[in-house]
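Structure record follows, encoded as structure tokens.
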Amino acid sequence: MGEYESQVVAFARYATAQVAHWDRVVALHQADCTGCCRFCGRVWPCDEARHSRRMVDHFSQWALTDEQPAPDPNLVRPYVNG
Ligand SMILES: [Zn+2]
């Protein structure tokens, strides 16, 4: 049972980091004044914006929802940077 719970917690941390990551992608891909994406230049909404919004919705189901701010992915997964 303890192992199961730790996996749930680990996945919740993963989902929280995923939400933080995709939130940053959503923030990059916004419409500019011409109706195109200001980041990749494609017609709004671009594929990245639509995909990253879906990812935020998807992982928000499991993300931690307490009062703490979303963890910095660089702190959550320090080993990624080697
Ligand atoms: Zn874009």
(request) Mind ranking 37-45, 19-27 by how tightly packed they are, going by the mean number of other C-beta atoms within 10 angstrom, highest first? (result) 19-27, 37-45
(request) Please give, to one decimal in nm, the separation of the simple spin-label points placed at residue 4 and residue 44, each 7 Å out from Cα toward the Cβ. (result) 4.7
(message) So if the hydrodynamic radius of segment 2-64 is defined as the Kirkwood radius over C-alpha pairs, what does Stokes-Einstein give as its diffusion coefficient at 37 °C and 0.692 mPa s, in µm² per second?
(response) 261
(request) Evaluate the relative contact order of segment 2-64 (contact order divided by residue number), counting alpha-carbon pairs under 8 angstrom at least 6 apart; express in whole percent. (result) 42
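No lab work stands behind these numbers, since they all come straight from the coordinates. Just so you know, these numbers come straight off a predicted model, no measurement behind them. A quick note on method: Cβ atoms are made from the backbone with ideal geometry, for glycine too, and the neighbour counts reach across all protein chains shown.
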